[in-house]
Amino acid sequence: MFRQSAFRIFAVMKSFQEILLQTDFARDDLVALLLAEGEDRQQLFQRAQAIKLNTVGNKIFFRGLIEFSNICSKDCLYCGIRKSNKKVNRFEATDDEILEACRFAWLNRFGSVVLQSGEQSSPTFIQRINLLLRKIKEISNGELGITLSCGEQSIETYRQWRENGAHRYLLRIESFNADLYRKIHPEDDFHSFERRLQALKDLKTTGYQVGTGVMIGLPFQTTEDLADDLLFLKQIDVDMVGMGPYLEHEDTPLYKFRNLIKPKQERFDMALKMVATLRLLLPDINIAAATALQAIDPAGREKALTIGANILMPNLTPCEYRKEYQLYEDKPCLEEDADLCRNCLEARIELAGCKIGYGEWGDSKHYKK
Ligand code: 5AD
Ligand code: FES
(Lines give C-alpha, C1' and ligand atoms only; values in the text may rest on other atoms or scores of the structure.)
(Ligands and ions follow the chains in the order given, each with its own letter.)
Protein backbone atom coordinates (compact mmCIF):
# COMPACT_ATOMS: atom_id res chain seq x y z
CA MET A 1 0.00 0.00 0.00
CA PHE A 2 2.68 2.41 1.17
CA ARG A 3 4.93 1.47 -1.72
CA GLN A 4 2.14 2.12 -4.18
CA SER A 5 1.41 5.63 -2.91
CA ALA A 6 5.13 6.40 -2.70
CA PHE A 7 5.38 5.39 -6.32
CA ARG A 8 2.49 7.65 -7.19
CA ILE A 9 4.13 10.65 -5.48
CA PHE A 10 7.33 9.87 -7.36
CA ALA A 11 5.39 9.70 -10.62
CA VAL A 12 3.74 13.03 -9.95
CA MET A 13 7.10 14.57 -9.22
CA LYS A 14 8.55 13.74 -12.61
CA SER A 15 10.00 16.99 -13.92
CA PHE A 16 9.16 18.47 -17.30
CA GLN A 17 12.79 17.90 -18.34
CA GLU A 18 12.51 14.21 -17.50
CA ILE A 19 9.35 13.86 -19.54
CA LEU A 20 10.97 15.60 -22.49
CA LEU A 21 13.85 13.13 -22.54
CA GLN A 22 11.64 10.04 -22.53
CA THR A 23 11.20 7.96 -25.66
CA ASP A 24 7.82 6.61 -24.68
CA PHE A 25 4.98 8.64 -23.23
CA ALA A 26 1.97 7.90 -21.06
CA ARG A 27 -1.24 9.91 -21.38
CA ASP A 28 -0.27 12.12 -18.39
CA ASP A 29 3.11 12.87 -19.95
CA LEU A 30 1.44 13.96 -23.17
CA VAL A 31 -0.99 16.16 -21.28
CA ALA A 32 1.95 17.78 -19.47
CA LEU A 33 3.69 18.45 -22.80
CA LEU A 34 0.52 19.91 -24.33
CA LEU A 35 0.03 22.22 -21.38
CA ALA A 36 3.62 23.52 -21.44
CA GLU A 37 3.97 27.29 -21.16
CA GLY A 38 6.88 29.75 -21.12
CA GLU A 39 10.33 28.16 -20.82
CA ASP A 40 8.89 24.60 -20.85
CA ARG A 41 7.09 25.32 -24.11
CA GLN A 42 10.33 26.59 -25.67
CA GLN A 43 12.12 23.45 -24.53
CA LEU A 44 9.43 21.27 -26.05
CA PHE A 45 9.87 23.04 -29.37
CA GLN A 46 13.67 22.76 -29.21
CA ARG A 47 13.52 19.07 -28.39
CA ALA A 48 11.06 18.41 -31.25
CA GLN A 49 13.28 20.29 -33.66
CA ALA A 50 16.36 18.32 -32.58
CA ILE A 51 14.53 15.01 -32.94
CA LYS A 52 13.27 16.01 -36.36
CA LEU A 53 16.79 16.89 -37.55
CA ASN A 54 18.17 13.61 -36.22
CA THR A 55 15.53 11.41 -37.77
CA VAL A 56 13.94 12.89 -40.91
CA GLY A 57 16.49 15.70 -41.37
CA ASN A 58 15.86 19.33 -42.37
CA LYS A 59 14.44 18.55 -45.81
CA ILE A 60 10.80 19.29 -46.40
CA PHE A 61 8.74 17.84 -49.22
CA PHE A 62 6.06 19.42 -51.35
CA ARG A 63 2.70 17.88 -52.10
CA GLY A 64 0.86 20.03 -54.63
CA LEU A 65 -2.73 20.17 -53.40
CA ILE A 66 -5.48 20.00 -56.03
CA GLU A 67 -8.96 20.41 -54.55
CA PHE A 68 -10.74 19.17 -57.64
CA SER A 69 -14.37 19.02 -56.50
CA ASN A 70 -16.46 20.36 -53.63
CA ILE A 71 -19.38 18.02 -54.31
CA CYS A 72 -19.89 16.07 -51.12
CA SER A 73 -22.44 13.50 -50.04
CA LYS A 74 -21.70 14.06 -46.37
CA ASP A 75 -22.86 16.56 -43.83
CA CYS A 76 -20.10 16.94 -41.24
CA LEU A 77 -21.27 19.59 -38.80
CA TYR A 78 -18.04 21.63 -38.97
CA CYS A 79 -17.34 21.64 -42.70
CA GLY A 80 -18.12 24.54 -45.02
CA ILE A 81 -18.69 22.34 -48.07
CA ARG A 82 -21.12 19.96 -46.33
CA LYS A 83 -23.96 18.77 -48.50
CA SER A 84 -26.60 20.93 -46.77
CA ASN A 85 -24.74 24.21 -47.25
CA LYS A 86 -26.77 25.67 -50.09
CA LYS A 87 -24.64 28.81 -50.28
CA VAL A 88 -21.80 26.91 -51.95
CA ASN A 89 -21.61 26.75 -55.73
CA ARG A 90 -20.67 23.18 -56.49
CA PHE A 91 -17.85 22.57 -58.95
CA GLU A 92 -15.97 19.75 -60.53
CA ALA A 93 -12.65 20.65 -62.21
CA THR A 94 -12.22 19.12 -65.65
CA ASP A 95 -9.65 16.41 -66.34
CA ASP A 96 -7.64 18.93 -68.34
CA GLU A 97 -7.57 21.39 -65.45
CA ILE A 98 -6.46 18.69 -63.05
CA LEU A 99 -3.80 17.42 -65.43
CA GLU A 100 -2.59 20.98 -66.01
CA ALA A 101 -2.09 21.43 -62.26
CA CYS A 102 -0.26 18.09 -62.13
CA ARG A 103 1.95 19.13 -65.02
CA PHE A 104 2.78 22.34 -63.14
CA ALA A 105 3.72 20.26 -60.08
CA TRP A 106 5.89 17.95 -62.15
CA LEU A 107 7.64 20.75 -64.10
CA ASN A 108 8.36 22.54 -60.85
CA ARG A 109 9.74 19.31 -59.37
CA PHE A 110 7.19 19.10 -56.58
CA GLY A 111 7.57 15.32 -56.38
CA SER A 112 3.96 14.59 -55.46
CA VAL A 113 0.40 15.80 -55.74
CA VAL A 114 -2.61 15.35 -53.49
CA LEU A 115 -5.99 15.00 -55.18
CA GLN A 116 -8.62 16.07 -52.68
CA SER A 117 -12.39 16.31 -53.01
CA GLY A 118 -15.64 16.01 -51.17
CA GLU A 119 -16.88 12.49 -50.70
CA GLN A 120 -18.49 10.87 -53.75
CA SER A 121 -18.71 7.19 -54.48
CA SER A 122 -20.69 6.75 -57.67
CA PRO A 123 -19.25 4.28 -60.20
CA THR A 124 -18.66 7.25 -62.54
CA PHE A 125 -16.58 9.04 -59.91
CA ILE A 126 -14.60 5.91 -59.06
CA GLN A 127 -13.86 5.23 -62.71
CA ARG A 128 -12.94 8.85 -63.34
CA ILE A 129 -10.29 8.67 -60.62
CA ASN A 130 -8.95 5.42 -62.09
CA LEU A 131 -8.44 7.11 -65.44
CA LEU A 132 -7.02 10.28 -63.95
CA LEU A 133 -4.47 8.34 -61.93
CA ARG A 134 -3.24 6.59 -65.06
CA LYS A 135 -3.06 9.86 -67.00
CA ILE A 136 -1.09 11.58 -64.23
CA LYS A 137 1.45 8.77 -64.27
CA GLU A 138 1.58 8.98 -68.05
CA ILE A 139 2.20 12.73 -68.30
CA SER A 140 4.88 12.64 -65.61
CA ASN A 141 6.82 9.56 -66.79
CA GLY A 142 5.64 7.84 -63.65
CA GLU A 143 7.54 10.40 -61.58
CA LEU A 144 4.77 12.19 -59.68
CA GLY A 145 3.77 10.53 -56.44
CA ILE A 146 0.00 10.58 -55.95
CA THR A 147 -1.89 10.94 -52.69
CA LEU A 148 -5.66 10.70 -52.64
CA SER A 149 -7.95 12.36 -50.14
CA CYS A 150 -11.48 11.53 -51.30
CA GLY A 151 -13.10 10.29 -48.12
CA GLU A 152 -14.49 6.93 -47.10
CA GLN A 153 -14.76 4.38 -49.89
CA SER A 154 -15.19 0.63 -50.18
CA ILE A 155 -12.11 -1.54 -49.85
CA GLU A 156 -12.59 -2.52 -53.48
CA THR A 157 -12.39 1.14 -54.54
CA TYR A 158 -9.26 1.67 -52.47
CA ARG A 159 -7.77 -1.39 -54.17
CA GLN A 160 -8.57 -0.14 -57.68
CA TRP A 161 -7.15 3.30 -57.00
CA ARG A 162 -4.03 1.75 -55.50
CA GLU A 163 -3.57 -0.45 -58.58
CA ASN A 164 -3.96 2.56 -60.84
CA GLY A 165 -1.18 4.50 -59.21
CA ALA A 166 -2.18 6.15 -55.92
CA HIS A 167 0.16 5.16 -53.13
CA ARG A 168 -0.81 7.40 -50.24
CA TYR A 169 -4.22 8.20 -48.79
CA LEU A 170 -5.29 10.88 -46.33
CA LEU A 171 -8.34 10.35 -44.17
CA ARG A 172 -8.51 12.18 -40.90
CA ILE A 173 -10.09 10.52 -37.89
CA GLU A 174 -11.01 14.12 -36.83
CA SER A 175 -11.19 13.04 -33.16
CA PHE A 176 -10.47 9.70 -31.53
CA ASN A 177 -13.00 10.40 -28.78
CA ALA A 178 -16.02 8.51 -30.13
CA ASP A 179 -18.46 10.73 -28.19
CA LEU A 180 -16.88 13.87 -29.53
CA TYR A 181 -16.87 12.36 -33.03
CA ARG A 182 -20.61 11.82 -32.67
CA LYS A 183 -21.14 15.41 -31.53
CA ILE A 184 -19.50 16.84 -34.63
CA HIS A 185 -21.18 14.54 -37.16
CA PRO A 186 -24.81 13.74 -37.95
CA GLU A 187 -26.08 10.71 -36.06
CA ASP A 188 -26.42 8.10 -38.76
CA ASP A 189 -24.54 5.06 -40.04
CA PHE A 190 -23.15 7.05 -42.92
CA HIS A 191 -21.20 9.26 -40.51
CA SER A 192 -20.27 6.63 -37.94
CA PHE A 193 -17.02 6.56 -36.01
CA GLU A 194 -16.76 2.80 -36.52
CA ARG A 195 -17.06 3.23 -40.29
CA ARG A 196 -14.24 5.75 -40.17
CA LEU A 197 -11.99 3.40 -38.22
CA GLN A 198 -12.80 0.58 -40.63
CA ALA A 199 -11.89 2.81 -43.58
CA LEU A 200 -8.47 3.47 -42.03
CA LYS A 201 -7.94 -0.26 -41.53
CA ASP A 202 -8.99 -0.97 -45.15
CA LEU A 203 -6.49 1.59 -46.38
CA LYS A 204 -3.72 -0.18 -44.48
CA THR A 205 -4.84 -3.55 -45.80
CA THR A 206 -4.73 -2.30 -49.38
CA GLY A 207 -1.12 -1.18 -48.99
CA TYR A 208 -1.32 2.60 -48.86
CA GLN A 209 0.89 4.86 -46.83
CA VAL A 210 -1.88 6.08 -44.58
CA GLY A 211 -2.22 9.60 -43.27
CA THR A 212 -4.72 10.69 -40.70
CA GLY A 213 -5.12 13.48 -38.19
CA VAL A 214 -7.44 15.51 -36.02
CA MET A 215 -8.83 18.98 -35.58
CA ILE A 216 -7.51 20.88 -32.60
CA GLY A 217 -9.65 23.17 -30.45
CA LEU A 218 -13.06 21.72 -31.26
CA PRO A 219 -15.96 22.59 -28.99
CA PHE A 220 -16.20 19.98 -26.16
CA GLN A 221 -12.60 18.83 -26.74
CA THR A 222 -10.26 18.52 -23.75
CA THR A 223 -6.46 18.33 -23.51
CA GLU A 224 -6.88 14.70 -22.46
CA ASP A 225 -8.79 14.05 -25.70
CA LEU A 226 -5.85 15.46 -27.64
CA ALA A 227 -3.41 13.25 -25.70
CA ASP A 228 -5.62 10.26 -26.59
CA ASP A 229 -5.57 11.38 -30.23
CA LEU A 230 -1.77 11.25 -30.16
CA LEU A 231 -1.81 7.79 -28.57
CA PHE A 232 -4.25 6.66 -31.25
CA LEU A 233 -1.86 7.82 -33.97
CA LYS A 234 0.82 5.68 -32.38
CA GLN A 235 -1.48 2.73 -31.87
CA ILE A 236 -2.52 2.55 -35.54
CA ASP A 237 1.10 2.87 -36.61
CA VAL A 238 0.40 5.85 -38.83
CA ASP A 239 2.82 6.89 -41.61
CA MET A 240 1.73 10.49 -42.10
CA VAL A 241 -0.20 13.02 -40.06
CA GLY A 242 -1.96 16.24 -40.95
CA MET A 243 -3.65 18.11 -38.16
CA GLY A 244 -4.58 21.71 -37.64
CA PRO A 245 -6.73 24.08 -35.64
CA TYR A 246 -10.50 23.87 -35.90
CA LEU A 247 -11.85 27.05 -37.48
CA GLU A 248 -15.50 27.90 -37.11
CA HIS A 249 -17.57 28.39 -40.26
CA GLU A 250 -20.69 30.53 -40.12
CA ASP A 251 -22.73 28.32 -42.43
CA THR A 252 -22.31 25.14 -40.41
CA PRO A 253 -24.29 23.75 -37.44
CA LEU A 254 -21.22 23.67 -35.19
CA TYR A 255 -21.00 27.46 -35.40
CA LYS A 256 -23.61 27.76 -32.65
CA PHE A 257 -21.04 26.42 -30.17
CA ARG A 258 -18.48 29.09 -31.01
CA ASN A 259 -18.72 30.49 -27.48
CA LEU A 260 -17.32 27.16 -26.21
CA ILE A 261 -14.10 27.30 -28.19
CA LYS A 262 -10.80 28.89 -27.20
CA PRO A 263 -9.55 32.07 -28.88
CA LYS A 264 -7.93 31.44 -32.27
CA GLN A 265 -4.44 32.18 -31.00
CA GLU A 266 -4.78 29.53 -28.31
CA ARG A 267 -6.00 26.96 -30.83
CA PHE A 268 -3.04 27.84 -32.99
CA ASP A 269 -0.62 27.44 -30.12
CA MET A 270 -2.13 24.11 -29.14
CA ALA A 271 -1.80 22.94 -32.75
CA LEU A 272 1.93 23.78 -32.66
CA LYS A 273 2.34 21.89 -29.39
CA MET A 274 0.49 18.91 -30.89
CA VAL A 275 2.94 18.87 -33.81
CA ALA A 276 5.97 19.11 -31.52
CA THR A 277 4.65 16.46 -29.12
CA LEU A 278 3.83 14.13 -32.01
CA ARG A 279 7.41 14.47 -33.27
CA LEU A 280 8.61 13.30 -29.84
CA LEU A 281 6.18 10.38 -29.84
CA LEU A 282 6.68 9.25 -33.46
CA PRO A 283 10.08 10.55 -34.59
CA ASP A 284 10.20 9.10 -38.12
CA ILE A 285 6.77 9.83 -39.60
CA ASN A 286 5.84 12.56 -42.08
CA ILE A 287 4.00 15.46 -40.47
CA ALA A 288 2.29 18.11 -42.60
CA ALA A 289 2.24 21.80 -41.76
CA ALA A 290 -1.54 22.24 -42.05
CA THR A 291 -2.99 25.01 -44.20
CA ALA A 292 -5.39 25.87 -41.39
CA LEU A 293 -2.39 27.17 -39.39
CA GLN A 294 -1.89 29.79 -42.07
CA ALA A 295 -5.50 30.94 -41.70
CA ILE A 296 -4.65 32.15 -38.18
CA ASP A 297 -1.04 33.25 -38.64
CA PRO A 298 0.41 34.07 -42.08
CA ALA A 299 3.67 32.38 -41.04
CA GLY A 300 1.84 29.52 -39.30
CA ARG A 301 3.00 26.72 -41.57
CA GLU A 302 6.64 27.80 -41.42
CA LYS A 303 6.41 27.88 -37.63
CA ALA A 304 5.21 24.27 -37.73
CA LEU A 305 8.13 23.37 -40.02
CA THR A 306 10.66 24.69 -37.50
CA ILE A 307 9.21 22.65 -34.63
CA GLY A 308 8.59 19.26 -36.18
CA ALA A 309 6.62 19.25 -39.43
CA ASN A 310 8.33 18.20 -42.69
CA ILE A 311 5.61 18.28 -45.36
CA LEU A 312 4.06 21.29 -47.06
CA MET A 313 1.08 21.28 -49.38
CA PRO A 314 1.18 24.29 -51.70
CA ASN A 315 -2.25 24.95 -53.16
CA LEU A 316 -2.44 24.24 -56.90
CA THR A 317 -6.22 24.35 -57.13
CA PRO A 318 -7.27 26.45 -60.16
CA CYS A 319 -7.92 29.95 -58.73
CA GLU A 320 -11.52 30.19 -59.90
CA TYR A 321 -12.49 27.23 -57.69
CA ARG A 322 -10.69 28.21 -54.52
CA LYS A 323 -13.41 30.43 -53.09
CA GLU A 324 -15.82 27.50 -53.38
CA TYR A 325 -13.55 25.21 -51.40
CA GLN A 326 -13.88 26.97 -48.08
CA LEU A 327 -13.87 24.19 -45.51
CA TYR A 328 -13.40 26.92 -42.91
CA GLU A 329 -13.40 30.71 -42.82
CA ASP A 330 -10.34 32.81 -43.73
CA LYS A 331 -8.86 30.04 -45.86
CA PRO A 332 -5.62 31.56 -47.20
CA CYS A 333 -4.26 31.83 -50.72
CA LEU A 334 -7.62 32.53 -52.36
CA GLU A 335 -6.22 35.00 -54.85
CA GLU A 336 -2.67 33.83 -55.42
CA ASP A 337 -1.89 31.76 -58.45
CA ALA A 338 0.31 28.73 -58.16
CA ASP A 339 3.54 30.44 -59.34
CA LEU A 340 3.28 33.21 -56.81
CA CYS A 341 2.64 30.75 -54.07
CA ARG A 342 5.74 28.83 -55.05
CA ASN A 343 8.12 31.78 -55.05
CA CYS A 344 7.06 33.20 -51.74
CA LEU A 345 7.00 29.72 -50.28
CA GLU A 346 10.59 29.01 -51.21
CA ALA A 347 11.87 32.11 -49.47
CA ARG A 348 9.82 31.46 -46.36
CA ILE A 349 10.93 27.85 -46.11
CA GLU A 350 14.55 28.80 -46.25
CA LEU A 351 13.94 31.38 -43.56
CA ALA A 352 12.51 28.58 -41.46
CA GLY A 353 15.89 26.83 -41.78
CA CYS A 354 14.66 24.03 -44.04
CA LYS A 355 15.67 22.78 -47.47
CA ILE A 356 13.24 21.67 -50.15
CA GLY A 357 13.50 18.10 -51.42
CA TYR A 358 12.79 18.98 -55.06
CA GLY A 359 11.73 16.13 -57.29
CA GLU A 360 11.64 13.60 -54.46
CA TRP A 361 8.66 11.63 -53.25
CA GLY A 362 9.72 12.06 -49.66
CA ASP A 363 7.98 8.91 -48.51
CA SER A 364 7.53 8.40 -44.83
CA LYS A 365 10.68 6.83 -43.35
CA HIS A 366 8.38 5.02 -40.99
CA TYR A 367 6.56 3.32 -43.87
CA LYS A 368 9.83 2.33 -45.54
CA LYS A 369 10.93 0.64 -42.32
N1 5AD B 1 -11.85 23.78 -39.46
C2 5AD B 1 -10.66 23.14 -39.58
N3 5AD B 1 -10.49 22.06 -40.36
C4 5AD B 1 -11.55 21.62 -41.05
N5 5AD B 1 -11.68 20.59 -41.88
C6 5AD B 1 -12.95 20.56 -42.33
N7 5AD B 1 -13.65 21.57 -41.80
C8 5AD B 1 -12.80 22.25 -40.98
C9 5AD B 1 -12.93 23.37 -40.14
N10 5AD B 1 -14.09 24.01 -40.00
C11 5AD B 1 -10.61 19.62 -42.12
C12 5AD B 1 -11.06 18.22 -41.68
C13 5AD B 1 -11.03 17.43 -42.96
C14 5AD B 1 -10.01 18.18 -43.77
C15 5AD B 1 -10.09 17.94 -45.23
O16 5AD B 1 -10.28 19.53 -43.47
O17 5AD B 1 -10.14 17.70 -40.75
O18 5AD B 1 -10.65 16.07 -42.78
FE1 FES C 1 -17.75 16.41 -46.89
FE2 FES C 1 -17.46 15.82 -44.27
S3 FES C 1 -18.71 17.35 -45.18
S4 FES C 1 -16.70 14.71 -45.95
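Descriptive notes on the structure:
- Within the chain, antiparallel bridges make up roughly 5 percent of the DSSP beta bridges whose residues both belong there.
- When the alpha-carbon atoms of the stretch 22-95 are used, the pair Rg, Dmax equals 20.5, 51 angstrom.
- Using the Stokes-Einstein relation with a Kirkwood hydrodynamic radius computed over Cα pairs, the translational diffusion coefficient of the stretch 178-331 at 25 °C and a viscosity of 0.890 mPa s comes to 149 µm²/s.
- The value obtained for the stretch 137-256, namely the Cα convex hull volume divided by the number of residues, is 123 Å³ per residue.
- In the context of the full set of protein chains, residues of the chain present 43 Å² of accessible surface per residue (probe radius 1.4 Å, heavy atoms only).
- Dividing the convex hull volume of the alpha carbon atoms of the chain by its residue count gives 142 Å³ per residue.
- Gain on full extension, evaluated as 0.36 nm per residue between GLU37 and THR23 minus their Cα-Cα distance, stands at 2.9 nm.
- Table column - 3J(HN,Hα) (Hz), the stretch 116-130, Karplus curve with 6.51, -1.76, 1.60, x for Gly and Pro: 10, 7, x, 8, 9, 9, 5, x, 4, 5, 4, 5, 4, 5, 3
- Of all accessible heavy-atom area on the chain, the percent that carbon and sulfur account for (1.4 Å): 54
- Distance violations [Cα-Cα > 19 Å] among LYS52/LYS355; LYS59/LYS365; LYS59/LYS303; LYS204/LYS355; LYS303/LYS323; LYS234/LYS365: LYS204/LYS355; LYS303/LYS323
- Reported to the nearest whole Å, the Cα centre-to-centre distance from the stretch 224-243 to the stretch 53-129 is 23.
- Spin-label proximity, SER154 to the stretch 185-202 - amide N less than 20 Å from point 7 Å beyond Cα toward beta carbon: 189-192, 194-202
- Kirkwood radius, the stretch 210-269, all distinct C-alpha pairs, inverse of mean reciprocal distance: 12.6 Å.
- Ordering VAL241, ALA101, GLN116 by Cα displacement along the dipole of the chain toward the positive end leaves VAL241 in first place; charges were set at the Cβ atoms of Lys, Arg (+1) and Asp, Glu (-1).
- Here the mean projected area of the convex hull built on the C-alpha positions of the stretch 56-171 is 8.4 nm².
- Relative contact order (percent, whole number), the stretch 133-243, Cα cutoff 8 Å, 6+ residue spacing: 28
The values are calculated or read from the model by the stated rules, or taken from the named source; none is laboratory data. Source: prediction; values computed, not measured. Reconstructed Cβ throughout: ideal geometry from the backbone, glycine too, with neighbour counts over all protein chains shown. The accessibility values were calculated without ligands, DNA or RNA, using every heavy atom of the protein model including side chains. Shrake-Rupley method; radii C 1.70, N 1.55, O 1.52, S 1.80 Å.
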